[in-house]
1. Can you tell me the FRET efficiency between residue 42 and residue 22 if r is taken as the Cβ-Cβ distance and R0 is 30 Å, rounded to the nearest 0.05?
2. By count of other Cβ within 10 Å, fewest leading, how are 78, 42 ordered?
3. What length, rounded to one decimal in nm, is gained on full extension from residue 56 through to residue 72, with 0.36 nm per residue of separation minus their alpha-carbon distance?
4. Quick check: from the Cα gyration tensor, does the stretch 21-85 come out rounded (a/c under 1.5), prolate or oblate?
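Only the coordinates and a few stated rules stand behind these numbers; no lab work does. Quantities reported herein were computed from a predicted structural model and do not represent experimental measurements. Cβ placement follows ideal geometry from the backbone for every residue including glycine, while neighbour counts extend to all protein chains displayed.
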């Protein structure tokens, strides 16, 4: 297929679609829902053990980050307290 035949076969010459705006809206919504359902069919769902493993990894990661931020906050608080009051504890 050449470039010229592809351009000719497209059928659009810069014209906008005309028609009932409500029917175009319903058509767009129906197309959107069809596309959502097509994409949902492609989703690979995790098995039970995979779901437990992923959940455990996320919870452990969040706990580690919380501990890191809490420790940093504690040290920063003590450093600021020592700087302005002269007392570390």
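1. Working: r = 31 Å, r/R0 = 1.04.
Working from the Cβ atoms, E equals 0.45.
2. Values: 78 13, 42 6.
Lowest count first: 42, 78.
3. Numbers: separation 16, 0.36 × 16 = 5.76 nm, distance 2.43 nm.
Value of the extension gain: 3.3 nm.
4. Numbers: a/c = 10.18, a/b = 2.15, b/c = 4.74.
In terms of gyration-tensor shape, oblate.
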